[in-house]
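Before anything else, here's the structure in question.
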Amino acid sequence: MADLQGIGVSPGRAAGPVHRLAPPPPLPPAPAVIDIDAERSRARAAVATVTSALSATADATADATAAEVLRAQVLMAADETLLDAVDTAIDGGADAPHAFVAALAEHRAAFEAAGGYLAERVSDLDDLRDRLVAACLGLPMPGVPSPGHPFILVARDLAPADTAGLDPSVVLGLITAEGGPTSHTAILARTLGIPAVVRCGAVLDIADGVLVSLDGSSGAVAAGLSDASAKSVNDAQRALLDRRSASAGPGATADGHPVALLANIGSARDLPAGVDVEGVGLFRTELLYLDRTEPPSFEEQVAAYQQVFAALPGRKVVVRTLDAGADKPLPFLRLADEPNPALGIRGLRVARATPAVLDTQLSAIAAAAAASTADVWVMAPMVATAAEAAAFAASCRDHGLRTAGVMIEVPAAALRAGTVLRDVDFLSIGTNDLSQYTFAADRMCGDLADLLDPWQPALISLIAACATAGREAGKPVGVCGESAADPDFALVLVGLGITSLSMAARSIPAVREALAAHTHDECVQFAKAALAADTPTAARAAVRP
């Protein structure tokens, strides 16, 4: 037996034989290019093959988050800037496969230098490169193995196209050597309900077929299990899931203190059948905007919003306005390049340059809400000051939207939460970005993943400040970051005074069960102990000794 340690990013336990992701295609020595036009045609044929395959996978997947990421990859592959760079490399004597490698290396360096959201897409570029090279060479696409039996998937990292097609009945768990708590692997694993551990570099030393177990909460990985031990882990996990699948109803502590349990979604397709949700705490609207050179029309937006509202009659749906900008570039915004996009024009700040985009979106949300019985709330991302919050709330009310709030993702807003709440109706804390900006740690910098741990006492203190402000103002404060999906951390959040928890829908039963097993007073004690801790390890130990 060998005990390894990574970072747990999707809760649950699993055990099975290891099988690795298929390696990328080998790049042969560069040949002498005789026919430049033929190489250009070869490159464009590869783009057509890859974009068609990715689009088909996006259309087939039931997960809107995965589909969104795959369609973004399609846009990357078809980008004229990339094709121009490929043509330039071919003109310089490269064949199509080597031209793609050279062109995407330049894009990769630019994304890494930009940081923030663009740095998160580096693994997407690597996957795109491997697929384009494979298409040029007529080789099978790299991807998930098919050993013919359930297994634990091991990889250096996983691309969205790999994760989107995973079957949870076959892929029992994921372990990657790289990645972080907010990587696409982590987000999609939680959405699919697959236990996952990232940043476990030693896992690459384990041979295929070796039995391993993983704990997606603690990050513990054990290699060299016996058949009996592996069966015991899976039997216990299956019994746990069966018990949780029978749970339903509103969230509450053992003594009846209510805590709304809500879902994070990108479309109505993200609401899986059989999972009881009280509503939606984060409706990401970016999916409508991703593959466009012009923004979606008012009518298109109304139709998309109505589909979600109709799926949740009488229930709360919190709509986040467009979260895009410098670090999440959309062509139609036509924003200037910035030296540090993660700290630039993004979220609500986009309305400074293109106010019509927000105006149209608010009008569409209002029209869809008027035709629905859903309880529609609206919130703006990346709000930093009370003045920004007040202006957004006024705009919402001008459009007939009666419940307006803001996301707390910037430490400045958390520190002044009481003032921010004067003119808005609620706060929703996005712990992913709040961690990033609090610790000056890029979300995709794996070497700094420990700083993005939601159990960091400084982050807990900022959450506590927001909860206290909400309690004093008599207004709700929720958490919509995926940290809410950690059943133990959920207890701390409730003890701090958080009134709602929003997460991937499949994570709700586990959190519901954790709350039902503890009184509100116990949660308060957990929160006090976590706040008093000096390290994330000590904070965790306060809840799970």
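The values are calculated or read from the model by the stated rules, or taken from the named source; none is laboratory data. Keep in mind it's a predicted model, so treat the numbers as computed, not measured. Backbone-built Cβ (ideal geometry, glycine too); neighbour counts: all protein chains shown. To get the accessible areas, we keep the full protein, side chains included, count just its heavy atoms, and leave off ligands, DNA and RNA. Shrake-Rupley method; radii C 1.70, N 1.55, O 1.52, S 1.80 Å.
Residues of the range 402-422 being open to solvent by 10 Å² or more (accessible area, probe 1.4 Å), in a loop (DSSP other than H, G, I, E, B) and closer than 18 Å to GLY347 by Cβ, which ones?
Within the range 402-422, VAL410, ARG416 meet the criteria.
Sticking with this one: Give the range 186-200 a look and list any residue that's in a helix (DSSP H, G or I), open to solvent by 20 Å² or more (accessible area, probe 1.4 Å) and not β-branched (Val, Ile, Thr), or say none. Give the derivation first.
Taking the range 186-200 as the starting set, the residues that turn out to be in a helix (DSSP H, G or I) are 186-192.
From what's left, open to solvent by 20 Å² or more (accessible area, probe 1.4 Å): 187, 191-192.
Passing the criteria: only LEU192.
Test each condition in (1) modelled with pLDDT of 90 or more; (2) hydrophobic (A, V, I, L, M, F, W, C); (3) surrounded by fewer than 17 Cβ atoms within 10 Å (Cβ to Cβ) for ALA2 and report the one that comes out false.
Just one mismatch for ALA2, condition (1).
Can you pull out every residue in the range 342-392 that is charged (D, E, K, R) and within 27 Å of ALA110 (Cα to Cα)? Step through it out loud before you land on a result.
If we filter the range 342-392 for residues that are charged (D, E, K, R), which is where we start, we get 346, 349, 352, 359, 375, 388.
Answer for the range 342-392, where residues must be charged (D, E, K, R) and within 27 Å of ALA110 (Cα to Cα): ARG346, ARG349, ARG352.
Tally the residues that are aliphatic (A, V, I, L, M) and either at pLDDT below 95 or assigned to a strand (DSSP E or B) (or both), restricting the search to the range 372-393.
5
Residue by residue through the range 129-143, note down the ones that are open to solvent by 50 Å² or more (accessible area, probe 1.4 Å) and modelled with pLDDT under 85.
PRO140, MET141
Separate question: What's the total number of residues in the range 273-283 that are crowded, with 17+ Cβ neighbours inside 10 Å and either touching a residue at least 40 places away in the same chain (Cβ under 8 Å) or farther than 26 Å from ALA368 by Cα (or both)?
Going through the range 273-283 one residue at a time, the tally reaches 6.
Search the range 495-508 for residues being in contact with a strand residue (DSSP E or B) (Cβ under 8 Å, 6 or more places away or on another chain) and either more than 15 Å from SER217 (Cβ to Cβ) or of a type outside the set (A, V, I, L, M, F, W, C) (or both), and hand back the single one that is surrounded by the most Cβ atoms within 10 Å (Cβ to Cβ).
Of everything passing the filter in the range 495-508, SER502 is surrounded by the most Cβ atoms within 10 Å (Cβ to Cβ).
Same structure, new question: Kindly indicate which of VAL221, VAL154, VAL203, VAL233 is farther than 19 Å from ALA504 by Cα and either open to solvent by 10 Å² or more (accessible area, probe 1.4 Å) or not β-branched (Val, Ile, Thr) (or both). Explain how you work it out, then say what you get.
Values: VAL221 fails: either open to solvent by 10 Å² or more (accessible area, probe 1.4 Å) or not β-branched (Val, Ile, Thr) (or both); VAL154 fails: either open to solvent by 10 Å² or more (accessible area, probe 1.4 Å) or not β-branched (Val, Ile, Thr) (or both); VAL203 fails: either open to solvent by 10 Å² or more (accessible area, probe 1.4 Å) or not β-branched (Val, Ile, Thr) (or both).
Every option except VAL233 fails the conditions.
For the range 501-536, give me each residue that is among the polar types (S, T, N, Q) and without any contact (Cβ under 8 Å) to a residue 60 or more places away in the chain.
Hit for the range 501-536 is GLN525, nothing else.
For the range 415-435, how many residues are out of contact with any Gly (no Cβ under 7 Å at 6 or more places or on another chain) and over 18 Å from ASP486 (Cβ atoms)?
Qualifying residue count for the region: 8.
Would you check which residues across the range 34-75 are modelled with pLDDT of 90 or more and open to solvent by less than 20 Å² (accessible area, probe 1.4 Å) and list them?
ALA43, ALA46, VAL47, VAL50
Restricting to the range 344-398, give me the number of residues that are under 24 Å from TYR437 (Cα atoms) and free of Cβ contacts under 8 Å to residues at least 12 places away in the same chain.
4
Please go through the range 245-266 and pick out each residue that is closer than 17 Å to VAL494 by Cα, surrounded by fewer than 17 Cβ atoms within 10 Å (Cβ to Cβ) and small (Gly, Ala, Ser).
ALA254, GLY256
Of the residues that make up the range 78-95, is at least one under 30 Å from PHE489 (Cβ atoms) and among the hydroxyl-bearing types (Ser, Thr, Tyr)?
Within the range 78-95, none of the residues are under 30 Å from PHE489 (Cβ atoms) and among the hydroxyl-bearing types (Ser, Thr, Tyr).
What is the residue count in the range 432-456 for residues that are crowded, with 21+ Cβ neighbours inside 10 Å, in contact with a helix residue (DSSP H, G or I) (Cβ under 9 Å, 6 or more places away or on another chain), at pLDDT below 85 and not charged (D, E, K, R)?
2
What is the residue count in the range 509-540 for residues that are open to solvent by 50 Å² or more (accessible area, probe 1.4 Å), more than 28 Å from GLU278 (Cβ to Cβ) and in a helix (DSSP H, G or I)?
Counting residues in the range 509-540 that are open to solvent by 50 Å² or more (accessible area, probe 1.4 Å), more than 28 Å from GLU278 (Cβ to Cβ) and in a helix (DSSP H, G or I) gives 2.
Can we say SER146 is in contact (Cβ under 8 Å) with a residue 24 or more places away in the chain and either of a type outside the set (Val, Ile, Thr) or surrounded by 18 or more Cβ atoms within 10 Å (Cβ to Cβ) (or both)?
no
For the range 345-355, indicate whether the set of residues that are charged (D, E, K, R), open to solvent by less than 40 Å² (accessible area, probe 1.4 Å) and at pLDDT below 90 is non-empty.
Looking for residues that are charged (D, E, K, R), open to solvent by less than 40 Å² (accessible area, probe 1.4 Å) and at pLDDT below 90, one finds at least one in the range 345-355, hence yes.
Can I ask one more? Any residue in the range 3-28 that is part of a strand (DSSP E or B) sitting within a Cβ distance under 8 Å of a residue that is surrounded by 19 or more Cβ atoms within 10 Å (Cβ to Cβ) and among the hydroxyl-bearing types (Ser, Thr, Tyr)? List the pairs, counting only those 6 or more apart or interchain.
Matching pairs, first to second residue: GLY8/SER217; VAL9/SER183; VAL9/THR185; ARG13/SER213; ALA14/SER213; ALA15/SER213.
Matching residues to (1) open to solvent by 50 Å² or more (accessible area, probe 1.4 Å); (2) modelled with pLDDT of 75 or more:
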{"residue": "ALA77", "(1), (2)": "no, yes"}
{"residue": "ILE90", "(1), (2)": "no, yes"}
{"residue": "GLU106", "(1), (2)": "yes, yes"}
{"residue": "ALA109", "(1), (2)": "yes, yes"}
{"residue": "ALA114", "(1), (2)": "no, no"}
{"residue": "ASP124", "(1), (2)": "no, yes"}
{"residue": "ASP127", "(1), (2)": "no, yes"}
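Let me ask something additional. Here are some conditions: (1) modelled with pLDDT of 95 or more; (2) open to solvent by 20 Å² or more (accessible area, probe 1.4 Å). PRO329 meets all but one. Which one does it not meet?
Evaluating PRO329 over (1) modelled with pLDDT of 95 or more; (2) open to solvent by 20 Å² or more (accessible area, probe 1.4 Å) leaves (1) as the failure.
From (1) touching an Asp or Glu at 6+ places or on another chain (Cβ under 8 Å); (2) open to solvent by 10 Å² or more (accessible area, probe 1.4 Å), pick out the condition that doesn't hold for ARG397.
In the conditions (1) touching an Asp or Glu at 6+ places or on another chain (Cβ under 8 Å); (2) open to solvent by 10 Å² or more (accessible area, probe 1.4 Å), ARG397 misses (1) alone.
If you don't mind, another one. Only one of VAL154, VAL170 is modelled with pLDDT of 85 or more and over 30 Å from ALA268 (Cβ atoms). Can you tell me which?
Values: VAL170 fails: over 30 Å from ALA268 (Cβ atoms).
Result of the check over VAL154, VAL170: VAL154.
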